[in-house]
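The values are calculated or read from the model by the stated rules, or taken from the named source; none is laboratory data. Keep in mind it's a predicted model, so treat the numbers as computed, not measured. Here the Cβ positions follow ideal geometry from the backbone for every residue, glycine too, while neighbour counts run over all protein chains shown. Areas reflect the complete protein model, heavy atoms only, side chains present, ligands, DNA and RNA absent. Shrake-Rupley method; radii C 1.70, N 1.55, O 1.52, S 1.80 Å.
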Amino acid sequence: QVQLVESGGGLVQPGGSLRLSCSASGRIFRIYTMGWYRQAPGNERELVASVTQGGSTNYANSVKGRFTVSRDNAKNTVYLQMNVLKPEDTAVYYCNAGIIATMGDGLGDYWGQGTQVTVSS
């Protein structure tokens, strides 16, 4: 069974920084793209940033230049460094990963439980 566990959320003032982490554990054969989504109250869940197994990254326009996504394949962990945070970044942030649990299985879509990020003075 695969689990994604996030950490690093919290309350920060506008202009501040936070770093989110998400580690995958359990039965894992291979991890493909890992990424972060967020959902604010009343809004749909949206992609924030993603990184492929080879290190190629993709960002939402609203976070380009402020957020950086990275991964440590040896630790099955993805990070999101968030700088110059704005009140509109307030949301629950979810980790996502495409994982094959056992060789021969299909690609599974896995989600973390979410971590709250609040940007407020």
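Here Val12, Val48 are screened, and the one residue that is within 20 Å of Val119 (Cβ to Cβ), open to solvent by less than 60 Å² (accessible area, probe 1.4 Å) and without any contact (Cβ under 8 Å) to a residue 60 or more places away in the chain is Val48. Residues in region 63-121 that are over 14 Å from Gly35 (Cβ atoms), basic (Lys, Arg) and without any contact (Cβ under 8 Å) to a residue 40 or more places away in the chain: Lys64, Arg66.
Pick from Thr90, Thr102: which is more than 16 Å from the chain's Cα centre (by Cα), farther than 22 Å from Gly54 by Cβ and polar (S, T, N, Q)? Write out each step before concluding.
Details: Thr90 fails: more than 16 Å from the chain's Cα centre (by Cα).
Testing whether each residue is more than 16 Å from the chain's Cα centre (by Cα), farther than 22 Å from Gly54 by Cβ and polar (S, T, N, Q) leaves just Thr102.
Filtered by the rule that a residue be under 18 Å from Asn58 (Cα atoms) and either small (Gly, Ala, Ser) or in contact with a Lys or Arg (Cβ under 9 Å, 6 or more places away or on another chain) (or both), region 23-38 gives Ile31, Met34, Gly35, Tyr37, Arg38.
Sort through Pro41, Pro14 and tell me the only one that's within 30 Å of Ser120 (Cα to Cα) and modelled with pLDDT under 95.
Working: Pro14 fails: modelled with pLDDT under 95.
Answer to the check: Pro41.
For region 92-99, state whether one or more residues are assigned to a loop (DSSP other than H, G, I, E, B), among the small types (Gly, Ala, Ser) and either more than 24 Å from Gly26 (Cβ to Cβ) or open to solvent by less than 50 Å² (accessible area, probe 1.4 Å) (or both).
Here is the first cut: in region 92-99, the ones assigned to a loop (DSSP other than H, G, I, E, B) are none.
Looking through region 92-99, none of the residues is assigned to a loop (DSSP other than H, G, I, E, B), among the small types (Gly, Ala, Ser) and either more than 24 Å from Gly26 (Cβ to Cβ) or open to solvent by less than 50 Å² (accessible area, probe 1.4 Å) (or both).
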